[in-house]
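One structure is given here, and the rest of the page talks about it.
No lab work stands behind these numbers, since they all come straight from the coordinates. Keep in mind it's a predicted model, so treat the numbers as computed, not measured. All Cβ positions, even for glycine, are placed from backbone atoms using ideal geometry, and neighbour counts span all protein chains on display.
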């Protein structure tokens, strides 16, 4: 029997708050620090590991977190989720994104179909289309091959797929699976679509229109923009456009599209990278095999997330350490710092994933909670960030917990030796140095050059950023966010906070405004 | 006579803390809200305005802020800065970035030259080179024109110039001043340089190497990477590369470069977009006239920053409201939300500008301060952010102050009418709607759909994002950050917090490690 309780009603949470704090600078120095690096690591499979040696934890804190995991029934709640319970209490929906990459438990039938079979069917349809586009069976009207794919979507239909594309683009180029260049149109700012259209050859471009409801204003507006451009080029838009939508949307059976692939209400936008939303553009860009490897990597993490043993469940451990930092230690932000240029937009994806899921003030029953929930997430790739905002991370007045990601090998295989080391070695040396600098600091009589240390971080280490490790990384964070939502007793799967702005924007466009809204509208000449 | 005192020693700060708090949802509703929108606005010149109606201020708070500005002598300190005092106390340097765009006060002689004359001389040299590249006087060895410019730099040599380039790229394309495409290599991750080199035609590319000291490891490494590529293509690297550096650096008089342009120690990287660091790449990309307009826009804001009257000094007002939010109201972050796709990387630039300048824990004399200083800065363009992290901004457990930017007109002039409005109108309607939604909220019996409001924001409104308004925007935030540093009594112009990581990374590369540092190095195969 599962109980859903607010965090401040949980005994283990009260106990956790009483466990002695860890002096990070102290425990990370000398041989004790070395021991921690060896000991505080959990395998993510396939050569990847989540290392939390530089977090403010010790065996006592971890024991308390294990009790917290048990009392809040995190794994049982995950089980309920993948077995098809209505976990999204706000919208009264199942939550099935894990099923796009594997069957973790019972068969789940909804809308009269087996959902795993449904998702596989969509993947097969996408693979079939992608293969036909790549081998020239599907071409433009002139019989020429499509060379570019442009995704039109916003939010979850943009950030995840875009971050995944950028993460694999260069890997694909050197591994002979770069099939088509992808570009993305998202913003309702007309300059976004105009700029992309300016840069591409529309005659050889396939557009992927992504909107679950088929009613997203930004996306429909940009579709219209693109259709105008196709028409002006004398092209038949319906031969250049596919749709990814739900079966009940107006786009589903329209003749305006070459093909339509389906998602459903059980996958939120921010969790949709492994569904048809990511599947169409990634399969077209890199081939269906690459997308399949990506799903495989994600599926392996989902399996790990079933482990009840906290120290063998990296996503749950990451989640609970995050809750400890947020609710007990009082840290408000988390910085995501991948040491890999390929992950340049991964922090932007995690920003949506985390902040849209857990930026809530009411519990899953709609009652206000008396504790803080989701943190602010931000980040940029290293070493770039070191030359930007790390100053504040090292010497600012607030402590910001850090999430590093690093890979032993680069993607493209080109490198250069300068001053006795390769660029890849310099990159790795920097992430290692940062972890220790943040944790241990360094005393200096000149206070301006003094580092207090005590700034916690973890690192996920992998062999190389490739489809499988990217899938693992994505699923790790999806599951972390899910577990944190369970701990905070909130619904991580709706987003009512985006509604009010939409309503007011409609009112502005209809000129049905007064007060401040009218004055602001006048200032912007609307 | 200027006094430098810690904020908690300032009488006006104690008074400010006692002024009654403003109930934002209340004051922004009805006709009172409309009045505030009209009244709480300050001109930034040239049709731009900073509107702070939706900030948690009223006449009492503003009066207290005006006293704070006077007692902390903010304008006098700015005066001292532009008249050549040693404001960067840590490195014992002048701070002269304003002088790249105008002479605000006395002539400043340093290193035996008049600095204004020196910066103008560099601009002229750059303009001359750019014109010769554009008209074909300077070509590659085969006599063919250069079509692409690639900036090699990191931190301030990358983020600012890159953000400015992206902000003007599409404007330039429709205004017939798009001369050369620009790309940027920054990260020591070898995949960064490899990817850019993969995408360009090196035979027609001019590289701009930017390093003040001439010793930045990432930049020298990437230079070597690029030189290898040029050599492998049978090209003479010295005919494809210019340098932007200080006169005393090893790059200054090297035969390895076609030309060298100079900056100096009085301009920090994050304040260098208006120096040769931004000047070279922007003049090559868009022509020297566009760069000159950009400087003109910045210079106009610098003039406004001299106003002692708080309500006529937008940067100082923005700065003080930020201090009020940070130190009295206790808000830890600020989100920067430009409703313009061209400003896609502007928040990343501001992140460095603000966090590297004011992420400090000691005052300008090296003594610890007992209050919080610089906030975390993050942001993405709207409307994209609305579909991402706005959920937390609206309904999360922490209040995050917001900085909107919006323009009445788009850059490219293409637009489409859907459901009775253009995309531009939809874009503007959304930013207006968000301000009111954040400020006023909306009560709902379903707590999940309830919005408390009371979430403060300001907006900078302009006619269009173009070189002049971009310059104004840049200078506004540079001056805001400077004023906040003065209020907090910190040195905003050094960055000692980046040093420890560099030292430890060198130790890792030399294999001179023990303890945790050695273990982490082993994990990453260094």
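In region A:430-526, the convex hull through the Cα atoms has an average projected area of 13.4 nm², a quarter of its surface area. Peptides B:485-492, A:113-120 ranked from most to least packed, by the mean per-residue count of other Cβ atoms within 10 Å: B:485-492, A:113-120.
Sorted from closest to farthest, the other copies place their residue A:499 label points 5.5 nm away, with each point set 7 Å from Cα along Cα→Cβ.
What the Cβ-Cβ distance of residue B:85 and residue B:120 gives, at R0 = 25 Å and to the nearest 0.05, is a FRET efficiency of 0.70. When the Cα convex hull of region A:479-526 is projected onto planes of every orientation, the mean area is 5.0 nm².
For region A:319-383, taking the reciprocal of the average inverse distance between every pair of different Cα atoms yields a Kirkwood hydrodynamic radius of 12.9 Å.
The same position residue B:106 in the other copies lies at 8.2 nm from this copy, comparing label points 7 Å beyond Cα toward the beta-carbon, shortest first.
Rounded to the nearest 10 degrees, the inclination of helix B:59-71 to the longest alpha-carbon principal axis of chain B is 50 degrees. Based on C-alpha pairs under 8 angstrom that are at least 6 apart in sequence, region A:97-293 has a relative contact order of 28 percent.
Evaluating kT/(6 pi eta Rh) at 10 °C and 1.306 mPa s, with the Kirkwood radius of the protein assembly as shown over Cα pairs in the Stokes-Einstein relation, gives 54 µm² s⁻¹.
Look at A:106, B:192, B:302, B:265 and count the other Cβ atoms within 10 Å of each Cβ; fewest to most, that gives A:106, B:265, B:302, B:192. Label point of residue A:296 set 7 angstrom out along Cα-Cβ; within region A:82-124, amide nitrogens under 19 Å from it belong to A:99-104, A:120-121, A:123-124. Equivalent-ellipsoid semi-axes for chain B (Cα gyration tensor, √(5λ), whole Å, largest first): 39, 28, 24.
In region B:105-224, one over the average inverse separation of all distinct C-alpha pairs is 16.2 Å, which is the Kirkwood hydrodynamic radius.
For chain B, the longest principal axis of the Cα atoms and the long axis of helix B:467-488 meet at an angle of about 70 degrees.
Scattering from region A:371-516 was approximated by placing one identical point on each alpha carbon and applying the Debye formula without solvent; log10 I(q)/I(0) at 0.10, 0.12, 0.14, 0.20 1/Å stands at -0.58, -0.76, -0.91, -1.29. Counting, for every residue in A:369-377, the Cβ atoms of other protein chains within 10 Å of its Cβ and taking the mean gives 4.
Measuring from each Cβ of chain A to the axis carrying A onto B, the nearest residue and its distance in whole Å come out as A:378, 2.
Run the simple label-point estimate for residue B:176 and residue A:446 please: 7 Å along Cα→C-beta, distance reported in nm. Here the answer is 5.5 nm between the modelled labels. Across all directions, the shadow cast by the convex hull of region A:250-396 built on its C-alpha atoms averages 12.9 square nanometres. Fraction of C-alpha pairs exceeding 15 angstrom in region B:266-314: 54 percent, rounded to a whole number. The C-alpha atoms of chain B define a longest principal axis, and helix B:30-39 lies at about 40 degrees to it.
Across chain B, Cα pairs under 8 Å and at least six residues apart give a relative contact order of 20 percent.
Residue by residue along A:215-221, Cβ atoms of other protein chains within 10 Å of the local Cβ number 4 on average. When DSSP beta bridges are restricted to pairs lying wholly in chain B, around 30% turn out antiparallel. Fully extending the segment from residue A:371 to residue A:256 would add 36.5 nm, taking 0.36 nm per residue of separation and subtracting the current Cα-Cα distance.
As a proxy for reagent exposure, A:449, A:468 were ordered by neighbouring Cβ count within 10 angstrom, fewest first; the result is A:449, A:468.
Sort out for me the Cα centre separation of region A:260-328 from region B:238-313, rounded to whole Å. If you average the Cα positions of each part, the centres end up 44 Å apart.
Among the residues of A:354-361, the average count of other protein chain beta-carbon atoms within 10 Å of the residue beta-carbon is 6. Computed from the C-alpha gyration tensor, the three semi-axes of the ellipsoid equivalent to region B:198-280 are 23, 13, 11 Å, from longest to shortest.
Helical content of chain A, expressed as a calculated mean residue ellipticity at 222 nm, amounts to -13500 deg cm²/dmol (DSSP H runs of 4 or more residues, -39,500 (n - 2.57) each, divided by residue number, nearest 500).
Viscosity 1.002 mPa s, temperature 20 °C: Stokes-Einstein D of region A:19-165 from its Kirkwood Cα radius, in µm² per second? Before the final figure, lay out the partial values.
Working: Rh = 20.5 Å.
Taking Rh from Cα pairs, D becomes 104 µm²/s.
Computed over Cα pairs, the Kirkwood radius of region B:310-447 leads via Stokes-Einstein (1.002 mPa s, 20 °C) to a diffusion coefficient of 125 µm² per second.
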